[in-house]
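Q: My questions all concern the structure below.
The values are calculated or read from the model by the stated rules, or taken from the named source; none is laboratory data. It should be emphasised that the depicted structure is a prediction, and the values quoted were computed from it without experimental measurement. Cβ: placed from backbone, ideal geometry, glycine included. Neighbour counts: every protein chain shown. Note: areas computed on protein heavy atoms with side chains; ligands, DNA, RNA excluded. Shrake-Rupley method; radii C 1.70, N 1.55, O 1.52, S 1.80 Å.
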Amino acid sequence: MSDSIIEIPRELFAIAGSSSFEGRLDPQTIDAGPDSYVFDEPLAWQVDISNTGDALLVDGRVEGRGRTRCARCLDDMSIEVKGHVEGYFVLPEADEPEDRDDDEFERLPDSNTIDVEPLCRAAVLVEMPLVPLCREDCKGLCPDCGINLNEETCGCAAKRAAELAEEEDRLNPFAALKGLDLED
């Protein structure tokens, strides 16, 4: 059985029953939009499961360290992930709540097990940055020659600025007056 599957013990079916569980989850890779995060070490998770009367409430944390590429310079970077794990599983004998949203919670399966892997993955995804950066002031790559501007400099930006100024002068209808001598 996977380290992410929790077999619900009998005492948790009593109202106000509570138990703690922990384990390790090896997702290897988690995709977050265009970015992929590689985990060389398993994620550590810890959850408390409480019986609320009609459902089992899962509440805890997951943490680990992943690697991805910086969105600007494409260098490998490491990111620490700490997420809040939460879930709500309606007990089999409980009535379905009337104001239920489809994605808010699910029924406890007949096997009386909870797989925390999807809960941990969701918690990690929420914590992933929208744009992973190796550092806040990352300069990225030169769009012309491709060098990493954090490590080297190039003349491409100055060349591009000169070409842009030349193009603006060429398109400006008053550019011909630029060389006109009005001293006389």
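Q: Looking at (1) touching a Ser or Thr at 6+ places or on another chain (Cβ under 6 Å); (2) outside any strand (DSSP E or B), which is the only condition A71 fails?
A: (1)
Q: At positive phi and modelled with pLDDT of 90 or more, is that true of A16? Outline the logic, then answer.
A: Values: at positive phi: yes; modelled with pLDDT of 90 or more: yes.
So A16 fits the description; yes.
Q: Residue check: is E22 open to solvent by 60 Å² or more (accessible area, probe 1.4 Å), modelled with pLDDT of 95 or more and in contact with a Leu (Cβ under 9 Å, 6 or more places away or on another chain)?
A: Numbers: open to solvent by 60 Å² or more (accessible area, probe 1.4 Å): yes; modelled with pLDDT of 95 or more: yes; in contact with a Leu (Cβ under 9 Å, 6 or more places away or on another chain): no.
In short, no.
Q: Further question: Cβ-Cβ under 6 Å, sequence separation 6+ or interchain: first residue in region 126-143 and within 30 Å of V62 (Cβ to Cβ), partner open to solvent by 100 Å² or more (accessible area, probe 1.4 Å) and in a loop (DSSP other than H, G, I, E, B). Which pairs?
A: Listed by first residue and then by second, the contacts come to C138/R72.
Q: Would you please list the contacts, defined by Cβ atoms under 8 Å and residues six or more apart or on different chains, that run from a residue in region 68-90 that is aromatic (F, W, Y) and modelled with pLDDT under 95 to a residue that is in a loop (DSSP other than H, G, I, E, B) and open to solvent by 10 Å² or more (accessible area, probe 1.4 Å)?
A: The qualifying pairs are Y88/E104; Y88/F105; F89/F105.
Q: Out of all the residues in region 133-153, which are under 15 Å from R69 (Cα atoms) and open to solvent by 50 Å² or more (accessible area, probe 1.4 Å)? Break it down stepwise before answering.
A: Initially, region 133-153 is screened for residues under 15 Å from R69 (Cα atoms), giving 133-136, 138-141, 148, 150.
Result: C134, R135, E136, K139, L141.
Q: I need every pair where a residue in region 147-169 that is under 26 Å from L133 (Cα atoms) has its Cβ under 7 Å from the Cβ of a residue that is at pLDDT below 85 and open to solvent by 100 Å² or more (accessible area, probe 1.4 Å), sequence separation at least 6 or different chains.
A: none
Q: Another one. I'd like to check something: does region 98-114 contain any residue that is touching a residue at least 40 places away in the same chain (Cβ under 8 Å), part of a strand (DSSP E or B) and either open to solvent by 100 Å² or more (accessible area, probe 1.4 Å) or under 26 Å from I8 (Cα atoms) (or both)?
A: yes
Q: Which condition from (1) over 30 Å from T153 (Cα atoms); (2) hydroxyl-bearing (S, T, Y); (3) modelled with pLDDT of 95 or more is the one that S2 breaks?
A: (3)
Q: Considering only residues of region 1-43 that are touching a residue at least 60 places away in the same chain (Cβ under 8 Å) and not in a strand (DSSP E or B), which is nearest to the chain's Cα centre (by Cα)?
A: So, considering only residues that are touching a residue at least 60 places away in the same chain (Cβ under 8 Å) and not in a strand (DSSP E or B), the one nearest to the chain's Cα centre (by Cα) is G33.
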